Amino acid sequence: MSGAEIDRLIQLLAKLPGLGPRSARRAVLYMLKRRDAFMLPLGAAIGEVAEAILPCRICGNLDTTDPCPICADANRDGGLVCVIEDVADLWAIERTSSYAGKYHVLGGILSALDGIRPEDLTIGALVDRAAAGDVREVILAMNATVEGQSTAHYLTDRLAATGVKVSRLAHGVPIGGELDYLDEGTLAAALKARRPF
């Protein structure tokens, strides 16, 4: 019912996480109705970001400057490095405004099924960074999946020779969570990680 250009835009938007074909059609229709006020500025912004974005040579964050603003910030604690799988995890932690250290983006997790090996990630750069002497603690902020935990164990082994303290995020009962609705793995992790009240 629409031209090839519009169909192509719908198909491209439908590939975004959280959008399917119906949501993409609604988004495109919204943009078409607001061509001058929304669609043209959005297209220009996407083009500008596509030209300017680059990975930070220190941590792997994606930004328009290298080093990124987090690595360049002298007020952040360079002795504390939070290791995350992806830039989305960095953004999630930054939204909390509760972490004042620096980051290291692995670029994924180890996965035998997907063929992702240690050489495919920035593990060597992390070990070099920890061995350089400025890092006192590495926080492993991996997802609580089998692959995430396997990656965390592998990183712990690789970082052992550096003498740097290695910690991980707490696992267990989320704030506002009701015990009756939690899975057995979450409850077991919470019981093992209990601490004095």
Legend entry - Matching residues in region 166-197 - criterion: being closer than 21 Å to L90 by Cβ and charged (D, E, K, R): R168
Inset, instruction - Please find, among R8, R25, the residue that is touching a helix residue (DSSP H, G or I) at 6+ places or on another chain (Cβ under 6 Å) and farther than 30 Å from A130 by Cβ. - result: R25
Inset, instruction - Using the structure shown, decide if A189 is assigned to a helix (DSSP H, G or I), within 19 Å of T122 (Cβ to Cβ) and small (G, A, S). - result: no
Inset, instruction - Could you check, for region 76-89, whether at least one of its residues is outside any helix (DSSP H, G or I) and over 19 Å from V166 (Cβ atoms)? - result: yes
Inset, instruction - Please indicate, with yes or no, whether at least one residue in region 144-165 is touching a His at 6+ places or on another chain (Cβ under 9 Å) and in a loop (DSSP other than H, G, I, E, B). - result: yes
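So, T122, is that one within 19 Å of the chain's Cα centre (by Cα) and in contact (Cβ under 8 Å) with a residue 40 or more places away in the chain or not?
So T122 passes the test.
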Inset, instruction - Might you let me know whether region 40-58 holds any residue that is in a loop (DSSP other than H, G, I, E, B), surrounded by 13 or more Cβ atoms within 10 Å (Cβ to Cβ) and modelled with pLDDT of 95 or more? - result: yes
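The values are calculated or read from the model by the stated rules, or taken from the named source; none is laboratory data. All of these numbers come straight from a predicted model, not from anything done at the bench. Glycine gets a Cβ as well: all are built from the backbone with ideal geometry, and neighbour counts include every protein chain shown.
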